[in-house]
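Read through the structure below, which is laid out as structure tokens, and then see the notes.
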Amino acid sequence: MKKTVRAALAAILVLSLLSACAGGTPAPQKQVDLSSFAKTLQEKYEFASYLVEMTPEYEYYEEDMERAFPALLEMDLEQQVVLMTLININ
């Protein structure tokens, strides 16, 4: 009797683990617009007046990006919005 109950419980445990691991189809990824998200944050918080969007047109773009975010420029990104403060602490 005890062996039968143990076997049944073990079978239930294995089946429940297998069903949890099966997962199903993943939900489709929703594309996020980083520019609109950044604008929303800038409108909401007052620190936005200190931020500058880093674009390749900026004179020291590569130098500042490499100093602040090493190896970010080498990454193949779908979207990139970098806002930095250009305030010198000294």
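Rule-based calculations on the coordinates, nothing more; no lab input. This is a predicted model, so every value here is computed, not measured. Reconstructed Cβ throughout: ideal geometry from the backbone, glycine too, with neighbour counts over all protein chains shown.
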By a straight-distance test (C-alpha under 25 Å), which lysines pair with LYS30 as possible cross-link partners, with residues fewer than eight away in the same chain excluded?
-> LYS39, LYS44
About its Cα centre, what dipole magnitude does the chain give when the only charges are +1 on Lys and Arg Cβ and -1 on Asp and Glu Cβ, stated in debye to the nearest 20?
-> 1560 debye
Taking the Cβ-Cβ separation of THR40 and ASP76 as r and a Förster radius of 22 Å, what is the calculated FRET efficiency to the nearest 0.05?
-> 0.25
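From the square roots a ≥ b ≥ c of the eigenvalues of the alpha-carbon gyration tensor of segment 31-90, which class results: rounded (a/c under 1.5), prolate (a/b over b/c), or oblate? Write out the running numbers ahead of the final one.
On the way: a/c = 2.25, a/b = 1.08, b/c = 2.08.
Oblate.
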Name the long-range amide H neighbours of MET54: under 5 Å, sequence gap of 5 or more, or other chain; modelled H, no Pro or chain starts.
-> VAL82, LEU83, MET84
Report, in degrees rounded to the nearest 10, the 0 to 90 angle that the Cα long axis of helix 34-44 makes with the longest principal axis of the chain.
-> 70 degrees
Under 25 Å Cα to Cα from LYS2, which lysines show up? Leave out anything in the same chain fewer than 8 places away.
-> none
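Express the relative contact order of the chain as a whole percentage, based on alpha carbon pairs under 8 Å and six or more residues apart in sequence.
29 percent
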